[in-house]
Amino acid sequence: MLALNSGRSDRFMLISSERIFYAGLHGKPSLRTLGALAICVPLHGMARLEIVGQPPRTAEILAVPAYIPHKITSDSREVLGLMIEPESVCDEDLAEIIRQCDDPVTASRLAARFREIYASMALSGTNGFTSADFDQIFLQRRLRPRDLDTRISTIVSRFQAKPSSSISGEDCANDVRLSLSRFLHLFKDETSMNFKTFRAWKRGRNILHHVNVERNLAHFALDAGYPDSTHFSHSLRRIYGLQPSAIFSGSRRLQIINGRDVSNEALGVRA
């Protein structure tokens, strides 16, 4: 059982600008397309991964690269998940994480570590944590950052600071003094992703900070930067494989903890 402070839920999500750790209900998602490298560990038993054009895989731990449409089903009603923003880590280290999750020996050890960390967590404190701290705790290594062109790094940082921003590609290009075509080409070269897809993911990711709050979804969609509730629903369904109503109803007991509110000591685990 998770050792949390009195009154806290055993379902929670740690969120920073570059990492997410989730412990909670898995639900029954259809095809989804996350904008982060996603690692999934069922709390008990096995999980099954389906990617179009590939044979299904069943394992204790599964890793899916960012922006790959996929479906995961689990023996366990509750899962542990780690998401890593791909623009924050070099390609070689992202590939190594996937290799470790695919290798039977290292995968078994990694799945056991995730479960042990979850069982030992005692969430408290207010000092915040860095991505390096986070990686050391869960992966036992420091992931090397992606070396981004300073112009693209500026735009990425802007979306990390304000994910609901409706800033256009034209605006970004003007801000870094590039033509639109050159900016879009450079952005994809540097991050390995399309700018519009990146922007849609950051907006959808930002929803996770608020999924345990009961609100009118139509009003929430507008506040989150979506033009209307239909666009909001379609976007979240494409990203998470679930309708917004299902995401919010399944998150009522979920404790959301922002990265700035969590420290190594607060997690109650040793790196």
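Quick notes
- Taken over segment 36-69, residues that are in contact with a helix residue (DSSP H, G or I) (Cβ under 6 Å, 6 or more places away or on another chain) and basic (Lys, Arg) amount to 0.
- Breaking point among (1) assigned to a loop (DSSP other than H, G, I, E, B); (2) β-branched (Val, Ile, Thr); (3) over 24 Å from residue 208 (Cα atoms), for residue 152: (1)
- Filtered residue count, segment 229-261, keeping only those that are open to solvent by less than 70 Å² (accessible area, probe 1.4 Å) and outside any helix (DSSP H, G or I): 9
- If you go through segment 67-88 and keep only what is open to solvent by less than 20 Å² (accessible area, probe 1.4 Å), free of Cβ contacts under 8 Å to residues at least 60 places away in the same chain and among the aliphatic types (A, V, I, L, M), you end up with 72, 79, 80.
- Candidates 35, 7 - the one that is at pLDDT 95 or above and not in a strand (DSSP E or B): 35
- Residues located in segment 206-246, provided they are in contact with a strand residue (DSSP E or B) (Cβ under 7 Å, 6 or more places away or on another chain) and hydrophobic (A, V, I, L, M, F, W, C): 208, 239
- Residue count for segment 57-66 under the criterion of being open to solvent by 30 Å² or more (accessible area, probe 1.4 Å) and within 20 Å of residue 239 (Cα to Cα): the result is 1.
- Residues that are within 13 Å of residue 156 (Cα to Cα) and either free of Cβ contacts under 8 Å to residues at least 12 places away in the same chain or among the hydroxyl-bearing types (Ser, Thr, Tyr) (or both), drawn from segment 172-191: 173, 188, 191
- Segment 213-242 residues that are closer than 21 Å to residue 162 by Cβ, paired with ones that are among the hydroxyl-bearing types (Ser, Thr, Tyr) and open to solvent by 70 Å² or more (accessible area, probe 1.4 Å) (beta carbon under 9 Å, 6 or more apart): 221/230; 225/166; 227/166
The values are calculated or read from the model by the stated rules, or taken from the named source; none is laboratory data. No experiment lies behind these values; they were computed from the predicted model shown. Because the Cβ atoms are built from the backbone with ideal geometry, glycine has one as well, and the counts that use them run over all protein chains shown. We work out accessible area using only protein heavy atoms, side chains counted, and drop any ligands, DNA or RNA first. Shrake-Rupley method; radii C 1.70, N 1.55, O 1.52, S 1.80 Å.
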